[in-house]
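K.L.:
Sharing a structure, written as structure tokens. Questions coming.
The values are calculated or read from the model by the stated rules, or taken from the named source; none is laboratory data. Just so we're clear, the structure is a prediction, and the values are computed from it rather than from any experiment. Cβ placement follows ideal geometry from the backbone for every residue including glycine, while neighbour counts extend to all protein chains displayed.
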Amino acid sequence: MLPPYPSPLLFRATAAVVLLICLGFLLYLGSFILSPLAVALLLCLLLLPLNRRLERMGLPRTLAIILCILLVMVVLVGLIWFFSTQAMGFEDQVPALLKRSETLLHQSQKWVNIKFHVTDKEQLKYISNLGKNLENQGGWLFTTLSGLTGDLITVLGIMPIYLFFILYYRSFYMEFLTKLFDEHRKETVFKIAADIEKVSQNYLRGLLTVILIVATLNSIGLYILGIENPLFFGALASLLAVIPYIGIAIGSILPAVIALVTKDSAWYSAGVIALMFVVQFLEGNFITPMIVGKRVSINQIAAVIALLIAGSLWGPVGMILAIPFTAIIKVICDNVEELKPYGFILGEAPDRPKSAKKT
């Protein structure tokens, strides 16, 4: 007797899982090519209004696109110049930092000796073994950092090329998309494209506004605490805010360590962590919801899962791209009848009336 055929739902679910696994594998293998392409797509959506305005002013499309790309490059060069000049200011502080670090090390050794009865000799032996392990891994670390630097330079070289051709052939690509579908779905394709453009632009503009506000709050707080180079640390932590939920927390580590080394009391370091925690709370619960708001209505669990998946596939770049591309996927699902349940589960849960029954 032949076994019963699997149910259509089970077959579709299995096919979807296999398709997602294959897609993730391809995204992982092609990260070197696809990640700069994804960044270029987002920048294209951000620069599209400016590009259209320049074209309406009578500029040829090629010249308008070149001006937009130059604007992006000027912003990137300005950021690199700002952070590099600020970082160079640490050179004069290196001897003092080393001296203070040595003092803290001796104090830590005494504290460990008193609390855990571990002699200085045993501590030095452990530190020596740790140093040997780091030395053995130094070659691997140097190779990895060199590879990452080379990849970054290559990506920065590829991305402007992607950006130019996406902007230049945008009408051609749009026509290609319409040819993929039946005549009665072309209107839906144009609506999806318009919604994606609107959502992406609103999200990116809102994100830039949030970064400026967070940078201001961080810098003022660090200045009040008396931390050296407050503008540098404040701007660095705000830029890391492009990685939702954990960006500002990562950015607080360096100023907290600097405060611990440069100040006489550990309370300054605790103050830095408290400041960043407060700013993180304000950013996550008030600033971002008020500025970005419903422009990107993705529920938190979907956002966290997207961050983890994108981070495992493309690293930090993937974490930065996770939210906007999840929003793009939601826009597509919301406009395709067969995919609306997936758009619903990605979005925020609707407010339940008080009279609704508990489930």
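K.L.:
Could you go through segment 23-30 and let me know if any residue there is in a loop (DSSP other than H, G, I, E, B), within 26 Å of the chain's Cα centre (by Cα) and on the phi < 0 side of the Ramachandran plot. Write out each step before concluding.
P.N.:
Keep residues of segment 23-30 that are in a loop (DSSP other than H, G, I, E, B), which gives 30.
Then drop every residue that is not within 26 Å of the chain's Cα centre (by Cα), which leaves 30.
Imposing the further condition that a residue be on the phi < 0 side of the Ramachandran plot reduces the set to 30.
Checked segment 23-30: at least one residue is in a loop (DSSP other than H, G, I, E, B), within 26 Å of the chain's Cα centre (by Cα) and on the phi < 0 side of the Ramachandran plot.
K.L.:
Keeping to segment 303-335, report how many residues are at pLDDT 85 or above and over 23 Å from Gly30 (Cβ atoms).
P.N.:
5
K.L.:
Does Thr262 meet the test of being of a type in the set (S, T, N, Q) and under 29 Å from Ala40 (Cα atoms)? Break it down into steps so the answer makes sense when it comes.
P.N.:
On the way: of a type in the set (S, T, N, Q): yes; under 29 Å from Ala40 (Cα atoms): no.
In short, no.
K.L.:
Residues to consider are Glu337, Glu283; find the one that is closer than 24 Å to Ile213 by Cα and acidic (Asp, Glu). Working first, answer last.
P.N.:
Values: Glu337 fails: closer than 24 Å to Ile213 by Cα.
Just a single option satisfies the conditions, and that option is Glu283.
K.L.:
Let me ask another. Can you tell me which of Ile273, Ile258, Ile224, Ile213 is aliphatic (A, V, I, L, M), under 19 Å from Val75 (Cβ atoms) and part of a helix (DSSP H, G or I)? Walk me through how you get there before you give the answer.
P.N.:
Numbers: Ile273 fails: under 19 Å from Val75 (Cβ atoms); Ile258 fails: under 19 Å from Val75 (Cβ atoms); Ile224 fails: under 19 Å from Val75 (Cβ atoms).
So the residue among Ile273, Ile258, Ile224, Ile213 that is aliphatic (A, V, I, L, M), under 19 Å from Val75 (Cβ atoms) and part of a helix (DSSP H, G or I) is Ile213.
K.L.:
To continue, here is another question. Sort through Ala249, Ala237 and tell me the only one that's crowded, with 21+ Cβ neighbours inside 10 Å and at pLDDT below 85. Full working, then the answer.
P.N.:
Values: Ala249 fails: crowded, with 21+ Cβ neighbours inside 10 Å.
Answer to the selection: Ala237.
K.L.:
So Asp195 passes all but one of these: (1) part of a helix (DSSP H, G or I); (2) more than 24 Å from the chain's Cα centre (by Cα); (3) over 17 Å from Arg52 (Cβ atoms). Which condition number does it fail?
P.N.:
(2)
K.L.:
Among the candidates Leu167, Leu177, which residue alone is within 26 Å of Phe32 (Cα to Cα) and over 26 Å from the mean Cα position of the chain (by Cα)?
P.N.:
Working: Leu167 fails: over 26 Å from the mean Cα position of the chain (by Cα).
The unique qualifying residue is Leu177.
K.L.:
When only residues in segment 43-53 that are under 17 Å from Tyr169 (Cβ atoms) and among the aliphatic types (A, V, I, L, M) count, which is surrounded by the fewest Cβ atoms within 10 Å (Cβ to Cβ)? Steps first, please.
P.N.:
Let us first name the residues in segment 43-53 that are under 17 Å from Tyr169 (Cβ atoms), namely 43-45, 47-48, 51-52.
Adding the requirement that they be among the aliphatic types (A, V, I, L, M) leaves 43, 45, 47-48.
Details: Leu43: 21, Leu45: 20, Leu47: 23, Leu48: 17.
Here the answer is Leu48.
K.L.:
Here's another thing I want to ask about it. Of everything in segment 270-320, what is loosely packed, with under 15 Cβ neighbours inside 10 Å and among the charged types (D, E, K, R)? Give them in sequence order.
P.N.:
The one that is loosely packed, with under 15 Cβ neighbours inside 10 Å and among the charged types (D, E, K, R): Lys294.
K.L.:
Still on this model: Say we look at segment 134-185 and pick out the residues that are among the polar types (S, T, N, Q) and surrounded by 11 or more Cβ atoms within 10 Å (Cβ to Cβ); which of these is modelled with the highest pLDDT? Before you say what the answer is, go through the steps one by one.
P.N.:
Restricting attention to segment 134-185, the residues satisfying the condition of being among the polar types (S, T, N, Q) are 136-137, 143-144, 146, 149, 154, 171, 178.
Among the residues that remain, those that are also surrounded by 11 or more Cβ atoms within 10 Å (Cβ to Cβ) are: 137, 144, 154, 178.
On the way: Gln137: 49, Thr144: 46, Thr154: 61, Thr178: 85.
Of everything passing the filter in segment 134-185, Thr178 is modelled with the highest pLDDT.
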